[in-house]
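The values are calculated or read from the model by the stated rules, or taken from the named source; none is laboratory data. Predicted model, so just to flag it, every value in this text is computed and none were measured. Using ideal geometry, Cβ is built from the backbone for each residue, glycine included, and neighbour counts are taken over all protein chains shown. SASA here: full protein model, heavy atoms, side chains in, ligands and nucleic acids out. Shrake-Rupley method; radii C 1.70, N 1.55, O 1.52, S 1.80 Å.
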Amino acid sequence: KKESDKFYLILADSGMGKTTFMINFYLQYHSFFNFRCKYKMKLFPFGDKDIIKWINEIPSEEARKTILLLDAFDECKALLPPKDPDGLTDDERFRKLLDELIESVKDFREVVITSRTQYFPGQDDKPYELKIPRYGREGFHTLAKLYLSPFEEKEIKSYLNKKYGVLKLWNRKKKRTAAAVVQSSPKLMVRPMLLSYIDYLVDNEREFKNTYQIYQTLINKWVGREAEKRKYQSEERENFKRDLFA
């Protein structure tokens with residue numbers, strides 16, 4: 001019956017799979033095997049500027065029977081300083097937005113929010129709760145706090161087995177190279193997103209001796225991939241690559 005039993009905050013660093021977690025959660029809830037579920041579930045991304053409007057358009061009666069998933073709070077446009085100064089510090093703007101959000105979602109059955117870890121201060125508070133001061137008034141917002149764990153060694157091994165196969169002899173060299181990349185940067189490859197790009201590193205035929213070289217290769221590949229979307233505009237494509245890399 002506590003407030004923190006209603007609002008859940010899922011925290012993780014960049015590339016740790018927050019959006020994938022939400023999509024999997026949504027799909028699992030709506031799976032054939034969960035046909036007895038009592039409530040509706042809706043998933044909204046904070047990257048859309050109209051998210052609060054979408055939420056407010058859901059009638060209160062429907063909201064009480066709906067579990068709300070809100071992905072990537074850190075990507076909310078309202079967290080960015082406006083062109084015309086509003087007189088608020090980053091912390092005040094953050095708390096003001098959270099106030100507005102909690103007010104908008106208070107009628108929902110349960111609310112699950114994902115965000116990058118650094119946007120929520122006070123990590124040393126109670127182990128499973130995060131208390132955030134309300135903006136302009138007394139009291140705190142209390143959210144149950146959970147973390148997405150990085151991949152463990154066995155999960156990385158499982159991923160590589162699924163990607164390259166266990167018995168596919170023609171992929172043996174790629175798999176061995178991928179394992180060597182993981183060994184050279186264990187703190188980097190525990191992030192699912194970076195691990196998903198490992199083909200960029202395997203196909204590079206370069207020996208990676210440090211994390212910097214891995215990031216350099218991933219960024220170059222990413223810049224090239226984005227530039228290829230302008231394949232019929234060669235001059236603009238080169239300018240785009242130079243600007244994006246800068």
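Annotations
- Where helices (runs of 4 or more DSSP H) fall wholly inside the range 110-200, no range has 1 or more residues that are under 30 Å from D5 (Cβ atoms) and modelled with pLDDT under 85.
- Enumerated helices (runs of 4 or more DSSP H) restricted to the range 1-80, each holding at least 2 residues that are in contact with a Lys or Arg (Cβ under 8 Å, 6 or more places away or on another chain): 60-63
- For Y135: the one exception among (1) touching a Lys or Arg at 6+ places or on another chain (Cβ under 6 Å); (2) farther than 30 Å from F94 by Cβ; (3) not polar (S, T, N, Q): (2)
- The range 1-59, subset over 30 Å from E152 (Cβ atoms) and of a type in the set (D, E), residue modelled with the lowest pLDDT: E3
- Some residue of the range 170-184 being under 24 Å from F21 (Cα atoms), buried (at least 19 other Cβ atoms within 10 Å of the Cβ) and not polar (S, T, N, Q): yes
- E152 open to solvent by 70 Å² or more (accessible area, probe 1.4 Å) and under 27 Å from the mean Cα position of the chain (by Cα): yes
- Criterion (open to solvent by less than 40 Å² (accessible area, probe 1.4 Å), in contact with a Pro (Cβ under 8 Å, 6 or more places away or on another chain) and of a type outside the set (A, V, I, L, M, F, W, C)) met by exactly one of G47, G15: G15
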